[in-house]
Amino acid sequence: MMNLIAIAVITVVMALFVYISKRRIGIPIFALAVGHFLGALWVEEVVMVLQALGIYIVSPPLILLVAVVLSLAPALLVVGSGATYKKPSSRLVSAIVFGLTVAAFMVTPFAAYGTALGEASAAYDVLSLYSPIIMTGGVLLGLADILLTKTHKPPKDDAKH
């Protein structure tokens, strides 16, 4: 049950962060995918370094915390910069899409390193079943968001030097 609550809290916090910052979600979704990749590659090594430094956490497991931090850090670093949405409805839709994508990406570390789910296993099983589809859809929507973002070109300087 705690794993599902933790995923829900992470999802809501990340979605609120995107909504409040008014940022477009293309780059943060790609950064989330990069973080997922980095977490898969480096989680054990980072945990070994932390344990060598004398850092031990039992509950939640240190490896789970490292996996979540590695997964979310790139998205957190880039979500505060870039293009913005003007309309509240666009901000709301982007926050929902980003939140669902975050939840789908969080399934992997919680499944690999989390504790038993108990009563919430049915809800977690549904999320786990659809997470590849949600992750793919989120990344594709992020790509569409990047491609549809219009950048402002600086005015040409007509003066000759």
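The values are calculated or read from the model by the stated rules, or taken from the named source; none is laboratory data. Only a predicted model underlies this, so the values are computations on that prediction, with no experimental measurement involved. Glycine gets a Cβ as well: all are built from the backbone with ideal geometry, and neighbour counts include every protein chain shown.
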Residues of segment 37-54 classified as touching a residue at least 12 places away in the same chain (Cβ under 8 Å) and either among the β-branched types (V, I, T) or surrounded by fewer than 22 Cβ atoms within 10 Å (Cβ to Cβ) (or both), total: 8
Some residue of segment 68-76 being closer than 23 Å to L147 by Cβ and either modelled with pLDDT of 90 or more or not acidic (D, E) (or both): yes
Some residue of segment 94-113 being over 14 Å from the mean Cα position of the chain (by Cα) and either part of a loop (DSSP other than H, G, I, E, B) or at pLDDT 85 or above (or both): no
Those residues of segment 64-93 which are buried (at least 20 other Cβ atoms within 10 Å of the Cβ) and part of a helix (DSSP H, G or I), in sequence order: L64, V66, A67, V68, L70, S71, L72, P74, A75, R91
